[in-house]
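Chemist: Once you've had a glance at the structure underneath, I'll fire off some questions.
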Amino acid sequence: MTASIVTDSPLLALPGAVPAAGRDAGVAWHHGDPVREQRALATRAGWVDRSNRGVLAVPGADRLSWLHSITSQHLSALPDGAGTEGLVLSPHGHVEQHFVAAETGGVTWLDTEPGRAGELLAYLDSMRFLLRVEPRDATAELAVLTVLGPDAPAALERAGLPVPAADWAVLPLPAGGFARRMPGPAGRVAVDLLVPRDGLRAVADRLTAAGAAPAGSWAYEALRVEDRRPRLGAETDHRTIPHEVGWIGTAVHLDKGCYRGQETVARVQNLGRPPRRLVLLHLSGEHDQLPAAGTPVTLDGRAVGFLGTAVQHHELGPVALAVVKRTVPDDALLRTADSTAAIDPT
């Protein structure tokens, strides 16, 4: 099956919306004041257009046991109205795909990074055999809109939208789609709304009228970096194993049956020695241009890792996530591109 082709978000037509580039192309980078937008997400409530994410639908009587057997997550007993996250690993235990799941109405929904739905669907199709499952690309059907901030529940209620009570709870939306509560960045409330794509603008307008400020991917990524949450393709490369970026216990279940890559997961878990680790870096900030993802991180002229997402944070200044060798000390003076970098040990 081929992936759905989705054009730029209609929310880019909002006044002040500045398009993002790179992996977040198709949605707004900011709406005119990225610092104010970050503060809204951190202290009040805002909504972020993430409709460039890919969405798959997996109906069929065998869907949960099948997904359980081919991914890293325990899915066989996922109840209706619940969500989780998981990985597809290579035979050697390297991360190939990351997805966020929701089980509702007899369908398991998977959403994933922009541009990755086709790859994930191809993997699922290759593993179908004779089971009763019918995975399809549903990116053209549902779009992701995230409501974030301590006042997010109140804003959702004022907009007439359901508020899931606990992390990973899933509730249906009145007009189709669903609301899924997520573990929010830095402990903040986050709710992903997967809404019918043709109703995206109407939902965003209701949220704005209810007091949730429009915020771009810049603001969302700044809080994600602050919270040290990895993103596939930014803080991962072809060698990444789940232990290195904190996906053990969240996207990888350690008490389940065999799945591809499990041997590596078990071996590293038992030894407790992943070769690399995810860290938060404070960048020196003498340059306006932040270094790009993938830029080498060096110590005394030797490459010891690579940079993930770098962003200007409204309180922390220029910060970035990086994956570095496990042996790099917390007090090491690092460099990336033309910037000096220091590990945040907290």
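Values quoted throughout were computed directly from the atomic coordinates according to the rules given, and no laboratory measurement underlies them. On a predicted model such as this, the values are computed, not experimentally measured, just so you know. In this analysis, Cβ positions are derived from the backbone assuming ideal geometry, glycine residues included, and neighbour counts consider all displayed protein chains.
Chemist: Using a/c under 1.5 as the rounded threshold, could you call the stretch 129-256 rounded, prolate or oblate? The axes a ≥ b ≥ c are square roots of the C-alpha gyration tensor eigenvalues, and prolate needs a/b larger than b/c, oblate otherwise.
Modeler: Oblate, since a/c reaches 1.5 and b/c is not below a/b.
Chemist: Hey, another quick one. For the chain, how big is Rg over Rh, using alpha carbon atoms and the Kirkwood form of Rh?
Modeler: When Rh is taken as the Kirkwood radius, the ratio is 0.96.
Chemist: In addition: Which residues among the stretch 45-70 fall inside the zone where the amide N is under 17 Å from a point 7 Å beyond the Cα of Ala209, along Cα→Cβ?
Modeler: 47
Chemist: Could you tell me whether the stretch 15-60 comes out rounded, prolate or oblate from its Cα gyration tensor? Rule is a ≥ b ≥ c as square roots of the eigenvalues, rounded for a/c under 1.5, then prolate if a/b exceeds b/c, otherwise oblate.
Modeler: In terms of gyration-tensor shape, oblate.
Chemist: Hey, another quick one. I need the GluC sites (Glu not before Pro) found in the stretch 233-293, filtered to DSSP loop residues with at most 16 other beta carbons within 10 Å of theirs.
Modeler: Those that pass, being in a loop and sparsely packed, are Glu286.
Chemist: Provide the gained length on full extension for the span Ala175 to Ser65, in nm with one decimal, where the gain is 0.36 nm per separating residue minus the Cα-Cα distance.
Modeler: Length difference between fully extended and current span is 36.7 nm.
Chemist: Another question about this same structure. Cα convex hull of the stretch 275-346: mean projected area in nm², to one decimal?
Modeler: Seen from a random direction, the Cα hull of the stretch 275-346 projects 4.4 nm² on average.
Chemist: Could you pull out the trypsin sites (Lys or Arg not before Pro) across the stretch 217-301 that fall in loop regions by DSSP (anything but H, G, I, E, B) with no more than 14 other Cβ atoms inside 10 Å?
Modeler: Qualifying residues, ordered by number: Arg239.
Chemist: Still on this structure: Please report the Cα spread of the stretch 203-282 along all three principal axes, rounded to whole Å, starting with the longest.
Modeler: Projected onto the principal axes, the Cα atoms of the stretch 203-282 cover 52, 34, 19 Å.
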